[in-house]
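Below is one structure, written out as structure tokens; the observations come after it.
The values are calculated or read from the model by the stated rules, or taken from the named source; none is laboratory data. Please read these numbers as outputs of a predicted model, since none were measured by experiment. Here the Cβ is made from the backbone with ideal geometry for all residues, glycine too, and neighbour counts use every protein chain on show.
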Amino acid sequence: MPTHVKLLLIDNVDSLGIVGDVVNVRVGYARNFLLPRGLAETPSDEKMKSLAAKRAQAEKDVSSLRSQREEMTEKLKGLDIELVRPCNDMGILYGAITQQEVATLLAAKGFAIRAREVRIPATIKRIDTYDVHVKLDSDLDAMIKLRVKPDRELSNDKTAAEEDGGKKPVDEKRALTREERRDAREDAMEEKRDARRAARSNAMDLLAADDAAKKATKGTWGAAKPADGASSGEAKADKSDKGDKAAKGDKAAKGDKSEKSDKPKKDKSEKKSKK
């Protein structure tokens, strides 16, 4: 299945071409954007001839627009603009500055700039001076200065100081503050790492001490076993002696009983003989 398709532009399309151009675009772009909006159709010789006059006018418009953009680019180079925004006491804006706001400010000064032609390098959320890139074409661009100022006087505001004077600008002071904060974070992280290393070494020492104690206790248990064996042997001997004594006592008791039992018998026989 083909991924691209050739279409004839019947109107100007930014970043693609002007009316009468035959372009090779992706199938999805053609199906979802160009064809539903009536900006292109299947190319044919008859259609191209019918668009010849419209294409000539489009070429003139493109040439005129090119010259206007070249002139505008020269005027934009080095332009200094100001934008007043509400902020807190630390100079932080309540909302970031957008491309549309910059384009509106430039339009108020006579520059027909679209929002997508304004390139903000980073999020602008602080009172400061910024470099903003304005790109009108692939080879036409300019850098302008955007000064964001507060809508009221700040207690620590030094933006009124001259940049070439002896006073320190606000941005330099803020940069130093960020560096100090970064150094403090690095010091705190280093302290945490040292604490973890110390805890790890203490744990290793405790494990080594436990191993040594276990080995020592094993040695004492092995030495005590013969004594236990001897004591158990003595206990067995005592038990055997007690058993022998008990057996002898039983035998003696039985002998006494037999003698006692014989005496009555003798008496009875004697009585019979007397009679």
Filtering the range 18-48 down to residues that are surrounded by 14 or more Cβ atoms within 10 Å (Cβ to Cβ) and β-branched (V, I, T), which residue is nearest to M1 (Cα to Cα)? V25
Any residue in the range 53-63 that is farther than 30 Å from K109 by Cα and either touching a Gly at 6+ places or on another chain (Cβ under 7 Å) or in contact (Cβ under 8 Å) with a residue 24 or more places away in the chain (or both)? yes
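Residue-wise test of (1) over 13 Å from I10 (Cβ atoms); (2) of a type in the set (S, T, Y); (3) part of a helix (DSSP H, G or I); (4) not assigned by TED's automatic domain parsing to the domain that holds G20.
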{"site": "R55", "(1), (2), (3), (4)": "no, no, yes, yes"}
{"site": "A58", "(1), (2), (3), (4)": "no, no, yes, yes"}
{"site": "V62", "(1), (2), (3), (4)": "yes, no, yes, yes"}
{"site": "L65", "(1), (2), (3), (4)": "yes, no, yes, yes"}
{"site": "Q68", "(1), (2), (3), (4)": "yes, no, yes, yes"}
{"site": "I81", "(1), (2), (3), (4)": "yes, no, no, yes"}
{"site": "V84", "(1), (2), (3), (4)": "yes, no, no, yes"}
Scan the range 128-180 residue by residue and report those that are of a type outside the set (D, E), within 23 Å of N88 (Cβ to Cβ), at pLDDT below 50 and assigned to a loop (DSSP other than H, G, I, E, B). K158, T159, A160, A161, K167, K168, P169
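Per-residue answers, yes or no, for (1) touching a Gly at 6+ places or on another chain (Cβ under 8 Å); (2) small (G, A, S); (3) in contact (Cβ under 8 Å) with a residue 24 or more places away in the chain:
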| position | (1), (2), (3) |
| --- | --- |
| K49 | no, no, no |
| R66 | no, no, yes |
| E70 | no, no, yes |
| G78 | no, yes, yes |
| P86 | no, no, yes |
| F111 | no, no, yes |
Failed criterion for S15 (all others in (1) touching a residue at least 12 places away in the same chain (Cβ under 8 Å); (2) on the phi > 0 side of the Ramachandran plot hold): (1)
Filter result (in contact with a Lys or Arg (Cβ under 8 Å, 6 or more places away or on another chain) and of a type outside the set (D, E, K, R)) within the range 96-117: A96, I97, Q99, A103, F111
Mind listing whichever residues of the range 1-52 are assigned to a loop (DSSP other than H, G, I, E, B) and under 40 Å from the mean Cα position of the chain (by Cα)? T3, D14, S15, L16
Can you tell me which of (1) over 24 Å from D14 (Cβ atoms); (2) crowded, with 17+ Cβ neighbours inside 10 Å is the one D89 doesn't meet? (2)
